[in-house]
Amino acid sequence: MDFVVNADWVSGLLLASTRVAGFVIASPIFKSFPTTGRTALVLVLGYAFAEPVAEAGDLGVLLTAGFTNAVIGLTLGFLTGLIFYIFTVGGSLIDFTSSLSAAAIFDPMSKDRVTIFGRIFNMLAMAMFLLLGGDRMLISGIGLSFEAVEITGTISLSGGLADVAVGLMGRMMIGAIEMAMPALAALFITEVILGIAARFAPQSNVFLIGLPVKLFAAFASVSAVLLLVPETLNGVMGIMSDTFRTALLGM
């Protein structure tokens, strides 16, 4: 039996996989996935969204289309995943205030140094995100991008996308502070009490007892922060959905 390879379909598969790969690489949500899982996701989604390319014999068209699809995937992955850093940043703020940032460790999944609470909040948010169908929302968003811009289509990145990125950065920072506020307030009060104690009892070694006191305050107040994670995640998923539409309109 002869095995016939259709060049039009192979070109479409490569171009679709290029867009999906750009999205997976740029999105922080898929960083915790193993390499094998990300590769399988790219191939499966690339096959699902592939369509035959009539200009399969034109190298110039294929190179241009490949670059365009890579830009679309990278842009969508970065913009939609930017707001998801809210959990890592919120946890890092608590770690910095409680002096736990000195215990940062290397995360082999994200290939980066992470703090304790930053890692905990990110893993919790990721688990809830997948349970609530966030992965299906992302796949639907990628599918919409193929409807908005075809595999061999062209794009015109407007300056509005930069404004979207800046706006998302601001919302991410504000949301992280609001989520971590219970613990930050408790740690601030702890710092004030320690400062007063150092002022009125200079003979006491406040620096020696300050670290365990702040750790106790952090662990005692972080439960209130955990209660805010589901509500914050709900808002994050809504922002991600809106960002898909805004980014596609800007292309």
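The values are calculated or read from the model by the stated rules, or taken from the named source; none is laboratory data. What you see is a predicted model; the values in this text were computed from it and never measured. Positions of Cβ are generated from backbone atoms using ideal geometry, with glycine treated the same way; all protein chains shown enter the neighbour counts.
Here are the numbers for the structure shown:
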quantity: Residues (surrounded by fewer than 20 Cβ atoms within 10 Å (Cβ to Cβ), more than 22 Å from the chain's Cα centre (by Cα) and either farther than 30 Å from Gly73 by Cβ or at pLDDT 85 or above (or both)) located in the range 152-183; calculated: Pro182
quantity: Among the candidates Val10, Val24, Val44, residue that is within 21 Å of Gly153 (Cα to Cα) and at pLDDT 90 or above; calculated: Val24
quantity: Pairs with Cβ under 7 Å, 6+ apart, first in the range 26-54 and free of Cβ contacts under 8 Å to residues at least 40 places away in the same chain, second in a helix (DSSP H, G or I) and among the small types (Gly, Ala, Ser); calculated: Val42/Ser17; Val42/Ala21; Leu43/Ser17; Gly46/Ala16; Gly46/Ser17
quantity: Filter result (surrounded by fewer than 20 Cβ atoms within 10 Å (Cβ to Cβ) and either under 19 Å from Gly37 (Cβ atoms) or touching a residue at least 60 places away in the same chain (Cβ under 8 Å) (or both)) within the range 111-125; calculated: Lys111, Asp112, Met123, Leu124
quantity: Odd one out for Leu14, checked against (1) of a type in the set (A, V, I, L, M, F, W, C); (2) assigned to a helix (DSSP H, G or I); (3) closer than 18 Å to Met123 by Cα; calculated: (3)
quantity: Tally, over the range 128-173, of residues that are closer than 19 Å to Ala48 by Cα, part of a loop (DSSP other than H, G, I, E, B) and of a type in the set (S, T, N, Q); calculated: 1
quantity: Residues satisfying the stated conditions in the range 82-125, i.e. farther than 14 Å from Ile177 by Cβ, modelled with pLDDT of 75 or more, of a type outside the set (D, E, K, R) and touching a strand residue (DSSP E or B) at 6+ places or on another chain (Cβ under 9 Å); calculated: Thr115, Ile116, Asn122
quantity: Test: residue in the range 231-250 that is surrounded by fewer than 14 Cβ atoms within 10 Å (Cβ to Cβ), more than 30 Å from Leu13 (Cα to Cα) and among the hydrophobic types (A, V, I, L, M, F, W, C); calculated: no
quantity: Candidates Gly235, Gly170, Gly250, Gly210 - the one that is free of Cβ contacts under 8 Å to residues at least 60 places away in the same chain and closer than 30 Å to Ser140 by Cβ; calculated: Gly170
quantity: Residue that is nearest to Ile155 (Cα to Cα) [pool: residues in the range 65-98 that are surrounded by fewer than 20 Cβ atoms within 10 Å (Cβ to Cβ) and without any contact (Cβ under 8 Å) to a residue 24 or more places away in the chain]; calculated: Phe67
